[in-house]
Amino acid sequence: MPLSAKSTPLVRAIGRWSLFTLVLNLIIGSGVFKLPTDISALLGWWAPVAYIVAAAGIGAIMAATAEVASQFDQAGGPYLYAREAFGRFAGVEIGWLAWLVRLTGSAANANVFLLYMAQFWKPAGGGAARLLVLTLIIGGIAAINIRGVGGGAQLSNFFAAAKLVPLLLFIGVGVFFLAAHNGGSAQLPHGTAPAVKWDEAILLLVFAFGGFEGALMAQGETKNSRRDVPFALFTALAAAASIYLLNQIVAQAVLPSGSLSPRPLADAAGIIAGPRAAAFMALGALISVGGNITSSVLNTPRLIFALADGGDFPRFLTAVHPRFRTPWLAIVIYSSLVWALAAVNDFRWNASLSAVGRLFIYSAICIALPVLRRRQPDRPAFRMKGGLIFAGIGLLFCVAMIFRLGRTEIAIIAGVSAVAVANWLWGRRKPYRR
């Protein structure tokens, strides 16, 4: 009989560097391997500028998140922050949006995994073989995480280190290639893109740079949130922004003008150094995306656990494995839903919807900062100098993007919010557990 959180507490096994790798794995996933041609198609040679704009906006949000998150050491992430700052209703709303974000984000990563797997085994691109690969990768990662948070964190650490090798090699070799070939083959002048679409490009880059909030859902298993959360967030952002920008520059300069390759880094590596380099880059993509999915399966089930432990989801969802002391049922449910979304939708749909949900979550975190400062000024926390300014900039960034959403995105967000309202009505008569 599975035990509950009350009888079997979670293990605090995630230290500073493990949290850093979790954040890095969640930021650097499928985007770095899929987006170079997508962003180029939307913006032409303005694409690198979009990365700088998106990194600045996300950086302001991260600064606010670092202070807010450092005040908590329980599982739940944005759900917990919103609930403490604004009350139970807001917490449930943000919890459901966080669910949407993590599910669609992981499904988008699984879609890219299949694209690059097809370079080694073509049947993986469709049909029954595609579903088989999905089952093996998601099911295998879920099994490792059920067996212990330490194993999941170690697997995340391995993927974080392994994914950086091909990316850094691609940047280094690519820079020398461009120097030897007078800047590469693309030579696309400013303004030749059919239509410059900043809104769509920045939204996709919110997906690329986002995801860091997912690592904070596992704070119930971190060793020292006040010290480790700010370090992990800022270090991972600096590393991810540098890698994203340099990979975009190299890929865009190497690939032919107007390229719409579904595997841009592998194709660019093939141009630079031949078929073996393309295969090596494709393998790097599989490792990177696998690492992102690993991190998601490690941290996101803790959101289900936190909602149930707080009385907002059915209590049986707090089930902790009696031997491995992990929220096994939440892991199974989350992994199954990711599999379903990846099976029925493509990368662009999943990535865009994940980015839209994040805009609302990040807005709530930015607003929570001044609320928590006023309500508990003496609570031990990391205090960011100029934190209120960063929170304001982050909120403006999110609101500007929200006002440019299309009808489909608004309808889906409204639908999720309606489900959250029903959830709140169901749970409001139950004890409010803090």
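THR318 - would you say it is at pLDDT below 85, closer than 25 Å to LEU136 by Cβ and of a type in the set (Val, Ile, Thr)? So THR318 fails the test. Within region 87-129, the set of residues being in contact (Cβ under 8 Å) with a residue 24 or more places away in the chain, farther than 30 Å from TRP426 by Cβ and surrounded by fewer than 19 Cβ atoms within 10 Å (Cβ to Cβ) comprises just one member, PHE120. The single condition among (1) assigned to a helix (DSSP H, G or I); (2) touching a Lys or Arg at 6+ places or on another chain (Cβ under 7 Å); (3) among the hydrophobic types (A, V, I, L, M, F, W, C) that PHE382 does not meet is (1).
Restricting region 320-356 to residues that are assigned to a loop (DSSP other than H, G, I, E, B) and touching a Gly at 6+ places or on another chain (Cβ under 8 Å), which is farthest from PHE403 (Cα to Cα)?
Going residue by residue through region 320-356, those that are assigned to a loop (DSSP other than H, G, I, E, B) are 321-327, 345-346.
Imposing the further condition that a residue be touching a Gly at 6+ places or on another chain (Cβ under 8 Å) reduces the set to 324-326.
Details: PHE324: 45, ARG325: 43, THR326: 40 Å.
Here the answer is PHE324.
Annotation note: of ALA153, ALA193, the sole residue that is hydrophobic (A, V, I, L, M, F, W, C) and either in a helix (DSSP H, G or I) or at pLDDT 85 or above (or both) is ALA153.
Has region 312-335 got at least one residue that is under 28 Å from ALA64 (Cα atoms) and not aromatic (Phe, Trp, Tyr)? Looking through region 312-335, at least one residue is under 28 Å from ALA64 (Cα atoms) and not aromatic (Phe, Trp, Tyr).
Exactly one of these conditions fails for SER30: (1) closer than 27 Å to ARG348 by Cβ; (2) of a type outside the set (A, V, I, L, M); (3) surrounded by fewer than 22 Cβ atoms within 10 Å (Cβ to Cβ). Give me its number. All conditions are met except number (3).
Under 22 Å from the mean Cα position of the chain (by Cα), over 26 Å from ALA107 (Cβ atoms) and in contact (Cβ under 8 Å) with a residue 40 or more places away in the chain: which single residue out of LEU405, LEU396, LEU369 fits that description? Don't jump to the end; show me each part of the working.
Values: LEU405 fails: over 26 Å from ALA107 (Cβ atoms); LEU396 fails: in contact (Cβ under 8 Å) with a residue 40 or more places away in the chain.
None of the other options fit; the residue is LEU369.
Here region 230-283 is the region considered, the condition is being within 20 Å of the chain's Cα centre (by Cα) and among the small types (Gly, Ala, Ser), and the residue that is surrounded by the most Cβ atoms within 10 Å (Cβ to Cβ) is ALA232.
Modelled with pLDDT of 90 or more, closer than 30 Å to ILE287 by Cβ and buried (at least 24 other Cβ atoms within 10 Å of the Cβ), is that true of ALA82?
Details: modelled with pLDDT of 90 or more: yes; closer than 30 Å to ILE287 by Cβ: no; buried (at least 24 other Cβ atoms within 10 Å of the Cβ): yes.
Here the answer is no, as ALA82 does not meet what is asked.
For region 97-129, give me the residue count where each residue is part of a helix (DSSP H, G or I) and in contact with a helix residue (DSSP H, G or I) (Cβ under 6 Å, 6 or more places away or on another chain). Within region 97-129, residues that are part of a helix (DSSP H, G or I) and in contact with a helix residue (DSSP H, G or I) (Cβ under 6 Å, 6 or more places away or on another chain) number 22. Taking the criterion of being touching a Phe, Trp or Tyr at 6+ places or on another chain (Cβ under 8 Å) and farther than 21 Å from GLU93 by Cβ, the residues of region 319-360 that qualify are ALA319, VAL320, HIS321, PRO327, LEU329, ALA351. Considering only region 40-61, state which residues are closer than 22 Å to GLY291 by Cβ and of a type outside the set (Ser, Thr, Tyr). ALA54, ALA55, ILE58 - these are the residues of region 40-61 that are closer than 22 Å to GLY291 by Cβ and of a type outside the set (Ser, Thr, Tyr). Residues that are small (Gly, Ala, Ser), modelled with pLDDT of 70 or more and under 21 Å from the mean Cα position of the chain (by Cα) within region 156-172 comprise ALA161, ALA162, listed in sequence order.
Quick check, is ASP346 in contact (Cβ under 8 Å) with a residue 12 or more places away in the chain and under 19 Å from the mean Cα position of the chain (by Cα)? Quick ask: steps written out before the conclusion?
Working: in contact (Cβ under 8 Å) with a residue 12 or more places away in the chain: yes; under 19 Å from the mean Cα position of the chain (by Cα): yes.
Yes, satisfied.
The values are calculated or read from the model by the stated rules, or taken from the named source; none is laboratory data. This is a predicted model, so every value here is computed, not measured. So basically every Cβ, Gly included, is an ideal-geometry build from the backbone, and we count neighbours across all protein chains shown.
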